[in-house]
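No value in this document is a laboratory result; all are computed from the given coordinates. A quick note: this is a predicted structure, and the numbers were derived from the prediction, not measured. Reconstructed Cβ throughout: ideal geometry from the backbone, glycine too, with neighbour counts over all protein chains shown.
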Amino acid sequence: MVDIKSMNLEELTAWLKERGEPAFRGKQIFKWLHQRGATSFDEMSDLSKALREKLSAQCSIGRLEVARKQMSQQDGTIKYLWRLADGNCVETVLMRYQHGNTVCVSCQVGCRMGCAFCASTVAGKVRDLTPGEMVDQVLFTQLDSGEVISNIVLMGIGEPLDNMDTVLRFLELVNCSEGLNIGMRHISLSTCGLVDQIDKLAQYGLQLTLSVSLHAPDDETRSQIMPVNRGVGVEKLMDTCLRYFKTTGRRISYEYAMIDGVNDADWQADLLARRLRGAPAHVNLIPLNEVEESPLKPSRRVAAFQRRLEERGVTVTVRRKLGGDIDASCGQLRRKAMRQD
Ligand code: SAH
């Protein structure tokens, strides 16, 4: 079956043309799929019955089913656990910020990066998502919640640069004016720091925000909590980030989850500040969300660490914690469901 939802508008139009359809048909069907969230060709009331039947026989339109849904009583954050067509589950979070509604999207079922503090990677990676499955997370969150989504963060389950072609296609699809029409500057992509892939991404010159999950400025600590650092090192990562900035002109954002006694010492703030010299940067300190499978605890030094960075000229924010009452961080709901089932 043809995965029609993962095709871009040009491909869809060409594919239809080969089957004797006029050029406008591409836009028509693309809008049904990417704006209205049609889950069957029968819904496409402005297509002939014959065409609807032909398409149904050749194409699949994936759909997401709500496996679980939790709404935070504190801040209205909604967490969806979606069941994919093959029975696997992924999470999407809808967060209501002042600057607009933001969805946090997953790109893989599980993750193979092995970060010590992250629930998404506990059972490894099952498979990559398709571009259509990624689009559906945004689309069905919008349709189910009745909220218009204006921002996307690729900070859900999975490593975006470990499924890069899919993610690039996803970006193209949500950016399309006949689709969700979300501007690149409203999208953030978060990576654990795959250096070759960061170099490759730079070549596309996308206007999105690259977030790098740094979490430690020294190799000993970073290699201990993030296996991806082993054999690469922080220095090479920072050189890659500098190249990324020079190529794209986009300021990089660094994520730093504060872990008690691991990465929250004064000397680490000092080293971090030194590492960031040379290019505009923004540091986002994240209060660690405790994960059942991990012994790591949240730091009690977030404010002191922030102040120390600021004194050294670094732009820092502390991420506001949303959805704390609903397992809203990375992979927690999927883990919980896996344990219970
Ligand atoms: N694989 C990508 C994106 C997914 S995670 C990446 O590594 O960047 C999104 C962010 O949440 C990352 O910065 C990740 O390190 C962080 N994160 C994961 N588990 C966390 C936890 N328990 N507490 C706080 N932040 C966490």
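What to note about this one:
- Segment V148-K31, extension gain: residue separation times 0.36 nm, minus the distance between their alpha carbons: 40.5 nm
- About its Cα centre, the dipole of the chain is roughly 460 debye, where the only charges are +1 on Lys and Arg Cβ and -1 on Asp and Glu Cβ.
- Cα-based Rg of the range 102-187 normalised by 2.2 N^0.38 Å, two decimals: 1.09
- Sequence-distant residues sharing a close amide H with Y254 (under 5 Å, placed H): V212, H282, V283, N284
- Relative to the dominant Cα principal axis of the chain, helix 302-311 is inclined by about 80°.
- Kirkwood hydrodynamic radius over Cα pairs of the range 2-60, then Stokes diffusion coefficient at 25 °C and 0.890 mPa s, in µm²/s: 217 µm²/s
- Model label zone, D199; criterion: amide N under 18 Å from point 7 Å along Cα-to-beta-carbon; scope the range 246-261: 246-249
- To the nearest ten degrees, helix 24-34 and the longest principal axis of the Cα atoms of the chain are 50 degrees apart.
- Nearest-ten-degree value, helix 9-18 long axis tilted from longest Cα axis of the chain: 30 degrees
- Whole-angstrom Cα spans of the range 90-135 along principal axes, big to small: 34, 28, 12
- Between the beta carbons of V318 and S60, assuming R0 = 56 Å, the FRET efficiency works out to 0.80 to the nearest 0.05.
- Formal net charge of residues neighbouring G233 (Cβ-Cβ distance under 13 Å; K, R +1; D, E -1): -1
- Bridge type composition, the chain - antiparallel percent by DSSP, nearest 5: 45 percent
- Pairwise label distance in nanometres, A303 with D266, each label 7 Å out on the Cα-Cβ vector: 1.8 nm
- All alpha carbon pair distances within the range 65-340 were sorted into 5 Å bins beginning at 0; the resulting P(r) in whole percents reads 1, 6, 13, 18, 19, 19, 14, 8, 3, 0, 0.
- Residues whose amide H lies under 5 Å from that of V126, counting only those 5 or more places away or on a different chain, are V109, G110, C111; hydrogens are built 1.01 Å from N in the peptide plane.
- Each peptide in 61-68, 105-112, 141-148 was scored by the mean count of other Cβ atoms within 10 Å over its residues; highest first, the order is 105-112, 61-68, 141-148.
- Global size of the range 147-236 as Cα Rg and Dmax, reported in angstrom: 14.6, 48
- Cross-link pairs K69/K297; K5/K31; K125/K297; K5/K79; K125/K200; K31/K200 - those with Cα-Cα distance over 19 Å: K69/K297; K125/K297; K5/K79; K125/K200; K31/K200
- With contributions of -39500 (n - 2.57) from each DSSP H run of at least four residues, the per-residue ellipticity at 222 nm computed over the chain stands at -10500 deg cm²/dmol.
- Placing a label point 7 Å from the Cα of E18 along the Cα-to-Cβ direction, the residues of the range 40-66 whose backbone N falls under 16 Å of that point are 55, 58-60.
- Radius of gyration over Kirkwood radius for the range 261-341, both on Cα atoms: the Rg/Rh ratio is 1.07.
- Annotation: peptides 242-248, 226-232, ranked by per-residue average of other Cβ atoms within 10 Å with the highest first, follow the order 226-232, 242-248.
- Taking N as the residue count of the range 164-302, its C-alpha radius of gyration divided by 2.2 N^0.38 Å amounts to 1.12.
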